[in-house]
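Quick notes on the structure that follows.
The values are calculated or read from the model by the stated rules, or taken from the named source; none is laboratory data. If you're wondering where the values come from, they're calculated on a predicted model, not measured in any experiment. Note that each Cβ is placed from the backbone with ideal geometry, even for glycine, and that neighbours are counted across all protein chains shown. Just so you know, the surface numbers come from the protein's heavy atoms only, side chains and all, with ligands and any DNA or RNA stripped out. Shrake-Rupley method; radii C 1.70, N 1.55, O 1.52, S 1.80 Å.
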Amino acid sequence: MFPPFLAMHIPDGFLSIPVALVGWVLLTILIVLALRQTREQFKDRQIPLMGILAAFVFAAQMINFPVAGGTSGHLLGGALVAILLGPWAAVLVMTSVLGVQALLFQDGGLLAIGFNAFNMGVIAAFTGYAAYNLIRRLLGQGRGAQLAATALGAWLSVELAAIATALELALSNTSPLSVALPTMAGVHALIGIGEALITVAALAFIQQTRPDLIAGSVKTAARGSGWIAVGLLIALAVTFASPLADPNPDGLERVAEDHGFLSAAQEPPFNVLPDYTVPFIQDSAASTIVAGLIGTLVVAGVSYGVARLVEAPKADKSTSS
Amino acid sequence: MNPLSLKERFEGGQSLFHDLDPRIKVVMSLGLILGILLTPEGAFPAYPLIWAVLGSMAVVSRVGVWRLARLGGIALPFTLAALTLIFTTPGQPLLRLGGLVISDAGVVRFMGIALRSWLAAQAAILLSLTTPFTDLLWALRSLRLPSTLVMITAFMYRYLFTLGEEAERLIRARASRSASLPDQKGAGGSLWWRARVAGGMVGSLFLRSYERSERVYAAMLSRGFDGELRGYNPPPFQWRSVLVGAIPLLAVALIQIMAFLWFRGVR
């Protein structure tokens, strides 16, 4: 097992109370949405299916795979469930898993559960799902494309959940961003590789034995585009949090300033949002937020446009809905 | 050595605490954790007092003060995440280690985080030691958590041990086919091979779980399931249990009021 401090289950005491409450509010909204969406998707199969799959994720986390030198990795599962059954199902499943881990085994705190479930449930599910679908739209429906999409989705789900954890710790002033962010992102870049390998292998196995399950997941994916909105919301939330997290410049810039070579860095010939600030807004935090917002919207718009372009040739959309 | 054994914390017993209404126990535990987290920075006399409150609860529920204290250490490895605060918090320098300076404010902040997390973990552990999980779920449901979410979690709990044992069987099967000689080098194949085996097991477990959910759903339909689950009648609400549950909360509130009064000037 990985040492517990590298895991993402935040115990109580590490999130400040305002941050923990924000987590609760975000999670509550998303749970209500997820309950409605999965109800539509699965009808009254919803309760047994979600419940048993939550137990599955819990049990699957017991299956270890030896990495090297006595350490071993295991699946986290958010991306796998999101790819197989859709992101809303994954949100519910992962929230149940984390709730039981907190209530039954004290894996993660009770007040911290809002953000714990948000990181490993919501963020992991939506980023994993969004990356998987985007890659499949870009690369097509081949087997290689599917496995590449799965790998990227699984890796991103772990990495972004870890980055979100680091941001929350920094916002709570429990761990300086300049330490927490590179540590969490670095370690989970490796853990994410394990997640990607296991998820790819699991999906390949399911594709061989029950291809109908995966075909079903593609159909449900085409139906709902609400996940785009939610993915956007998550990105925006992280954007809002980032400038408030740490008044100090980020790690690289800090090193650069300390060594006095920041001035030597060349400015690019053109500059739309210089240094991520909007020129006519004076307050630096607000300006950074606005700049991040514009950037996020532009990136989201471009991705959406690309996805639409790739999707356009399919004419059977009107018949399916 | 067996990492697989899935064991609940709950221990049956007879005590004032075991018999307390689960709704009140949940509210009380969340209130206690909130109260513990509100301890002002540097208010060190407050920590032993709060521990005394938790300790007396441990005595009343026959868990044992030291045992609860030891179990509360579960979150301590995570404090490493906060350890760098002792270097980065501005304050009076206490000690220099090469280029790093340990500040007094940093040590105070780190100690506070570690102690608060240790005490909060004890409050949470006491709840799960004395309350069966089904009672907890019922309490959460009557405290207005979305009932579908609670039912999903109830289902999860119902199949947790079944699927846990399914996973154990898979792991046992892998172990029995993975024998290697003690001096054999490179046994077990490449990293990708090992990951593929684990992934195949996860996929296989998924299919078994998915198919089980289909069987369970069919069985539920055969018994007239219409989308609603029905539970047992709730125990009557008693004001006496509210009083019992309020005692530790009042004690912690009192400690915190004193701490705020004393340490307002210090900060």
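Fully extended, how many nm does the chain gain between B:L143 and B:A175 (0.36 nm per residue separation, minus their Cα-Cα distance)? Let's see the in-between values first.
Working: separation 32, 0.36 × 32 = 11.52 nm, distance 4.49 nm.
The B:L143-B:A175 span can extend by a further 7.0 nm.
Treat each spin label as a single point 7 Å out from the Cα along the C-beta direction, and report the A:W24 to B:R67 distance in nm.
3.1
Regarding region A:76-170, what's the average projected area of the Cα-atom convex hull, expressed in nm²?
Reported value for the Cα convex hull: 5.8 nm².
Measuring from label point to label point, each 7 Å out along Cα→Cβ, what is the A:R143 to B:L80 span in nm?
In this crude spin-label approximation the distance works out to 4.1 nm.
Rg/Rh for region A:4-222 to two decimals, with Rh computed the Kirkwood way over all alpha-carbon pairs. Working shown, then result.
On the way: Rg = 16.7 Å, Rh = 17.5 Å.
Result for region A:4-222 is an Rg/Rh of 0.96.
Please build a GNM for chain B, connecting alpha carbons under 10 Å apart, and tell me which residue among B:F133, B:F17, B:F237 fluctuates the most.
B:F237
Between B:I33, B:I113, B:I257, which gets the highest mean-square fluctuation from a Gaussian network model of chain B, Cα cutoff 10 Å?
For chain B, modelled as a Gaussian network with Cα springs under 10 Å, the answer is B:I257.
Sort all Cα-Cα distances of region B:1-115 into consecutive 5 angstrom bins from zero, then give the percent of pairs in each bin up to the one containing the longest distance.
Per 5 Å bin, starting at zero, the Cα-Cα P(r) for region B:1-115 comes out as 2, 9, 14, 18, 17, 13, 11, 7, 5, 3, 1, 0 percent.
What accessible area, in Å² to the nearest ten, does a 1.4 Å probe give for A:L26?
Counting only protein heavy atoms, the figure is 50 Å².
Ignoring ligands and nucleic acids, what accessible area does B:V60 show with a 1.4 Å probe (Å², nearest 10)?
Its accessible surface works out to 70 Å², give or take rounding.
Give me a comma-separated list of calculated 3J(HN,Hα) values for region B:89-94, in order, Karplus coefficients 6.51, -1.76, 1.60 applied at θ = phi - 60°, integers in Hz, x for any Gly or Pro.
6, x, x, 5, x, 9
For B:V242 and B:W192 in one chain, what is 0.36 nm times their gap in residues minus the Cα-Cα distance, to one decimal in nm?
12.3 nm
Just read off the accessible area of B:Y157 with the full protein assembly in place, 1.4 Å probe, to the nearest 10 Å².
About 40 Å², rounded to the nearest 10.
Applying 1/(1 + (r/R0)^6) with R0 = 22 Å to the Cβ-Cβ distance of B:L221 and A:R39, what FRET efficiency is obtained, to the nearest 0.05?
0.85
Say R0 is 56 Å: what FRET efficiency, to the nearest 0.05, do B:F44 and A:L190 get from their beta-carbon distance? Please list the in-between numbers first.
Numbers: r = 39 Å, r/R0 = 0.69.
Taking R0 as 56 Å, the efficiency between B:F44 and A:L190 is 0.90.
If each Cα of region B:118-221 is one equal point scatterer, what is log10 of I(q)/I(0) from the Debye formula at q = 0.23 Å⁻¹?
Taken in order of the listed q values, log10 I(q)/I(0) reads -1.21.
Taking amide H positions as placed 1.01 Å from N in the peptide plane, with prolines and chain starts having none, which residues 5 or more places from A:S72, or on another chain, fall under 5 Å of its amide H?
When sequence neighbours closer than 5 places are left aside, the close amide H contacts are A:F2, A:V67.
Starting from the Cα gyration tensor of chain B, multiply each eigenvalue by 5, take the square root, and state the resulting semi-axes largest first in whole Å.
Equivalent ellipsoid semi-axes, largest first: 41, 33, 16 Å.
Report the extension gain between B:K7 and B:R230 in nm, rounded to one decimal, defined as 0.36 nm multiplied by the number of residues separating them, less their alpha carbon distance. Write down the numbers at each step before the final one.
Numbers: separation 223, 0.36 × 223 = 80.28 nm, distance 2.71 nm.
Gain in length upon complete extension: 77.6 nm.
I need the phi-derived Karplus couplings for region A:162-174: 6.51 cos²θ - 1.76 cosθ + 1.60, θ = phi - 60°, integer Hz, Gly and Pro marked x.
5, 5, 4, 4, 4, 4, 5, 5, 5, 4, 7, 6, 9
Residues of A:194-203, mean number of Cβ from any other protein chain within 10 Å of their own Cβ, rounded to a whole number? Please report the intermediate quantities before stating the final value.
Working: counts 4, 1, 2, 7, 10, 4, 4, 12, 12, 4.
Shielding by partners across A:194-203 averages 6.
For chain B, modelled as a Gaussian network with Cα springs under 10 Å, which listed residue fluctuates most, B:G224, B:G91, B:G55?
Ranking B:G224, B:G91, B:G55 by mean-square fluctuation puts B:G224 first.
Quick one: Karplus J couplings for region A:134-141, per residue in order, coefficients 6.51, -1.76, 1.60, θ = phi - 60°, nearest Hz, x for Gly and Pro?
4, 5, 5, 5, 6, 9, x, 9
Just add up the charged neighbours of B:S204: K/R +1, D/E -1, any other residue whose Cβ is under 15 Å from the Cβ of B:S204. Numbers along the way, then the final one.
Numbers: positive: A:R210, B:R169, B:R172, B:R174, B:R177, B:R196, B:R208, B:R212; negative: B:E165, B:E166, B:E168, B:E211.
Counting the neighbours of B:S204, the net charge comes to +4.
I need the helices of chain B that pass two filters: whole DSSP H segments spanning 27 Å or more by Cα along the axis, and mean Kyte-Doolittle score no lower than 0.5.
On the way: long enough: B:104-130 (39 Å, 1.18); B:147-176 (43 Å, 0.33); B:191-222 (46 Å, 0.10); B:239-263 (35 Å, 1.89).
Span-like helices, by this rule, are B:104-130, B:239-263.
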